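Q: Right, I'll just put the structure down here and ask away after.
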Amino acid sequence: MMKNSVIRFAGAAALATGMLMAQTTPAPTTTTGLPAWLQNKIDRAAIVLDLDATQKGQLETIAGNAVTQARSILPSLKSNRAAMQKLITSGGSSDEIQKLAQAQGALIGQLIGIRAMAMQQAWSVLRPAQQQKALQLHEFGYGGRAYHGGMGR
């Protein structure tokens, strides 16, 4: 369970899937082609976890692959969301709404899978000492809700 939480920190790349869903315009990109916010997370992880250049490059590749995969799903998510809105406002049947909701759920499940795979790949890039440091940082709220001003756990 803790490993899963730490993977979120170490594999921040996969967070792109959720952020991409909410965007209507593309985020600014960096020279690596990643959204700027994602590149910043990788840069911070490189400093905090003392990643070497190879590890950082691997995380950027993992992140890029996750973003590409997520972007392929976004058009379907957006069209389903628009269709759902139309059904709601035009008095669509419960069966139609349920069918569309299930389709949307399947697409969101694909995004969760992309994120989980990217997190697993990112975790495997870290050396054992880096994994331990990431675990410790996460336990103290670094990278979690407490770090971002939330109430923590």
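Any read-out appearing in this document is the output of simple, stated calculations on the displayed coordinates, not a laboratory observation. What you see is a predicted model; the values in this text were computed from it and never measured. Methodologically, a virtual Cβ is constructed for each residue, glycine included, from the backbone with ideal geometry; neighbour enumeration extends over all protein chains shown.
Q: Please give, to one decimal in nm, the separation of the simple spin-label points placed at Ala116 and Ser93, each 7 Å out from Cα toward the Cβ.
A: So the two model labels end up 3.4 nm from each other.
Q: For the peptides 38-48, 115-125, what is the packing order when you average, over each peptide's residues, the other Cβ atoms within 10 Å and list the highest mean first?
A: So the order, starting with the most tightly packed, is 115-125, 38-48.
Q: What aspartates and glutamates does Lys133 reach when the alpha-carbon gap must be under 18 Å and sequence neighbours fewer than 8 apart in one chain are set aside?
A: Asp43, Asp50, Asp52
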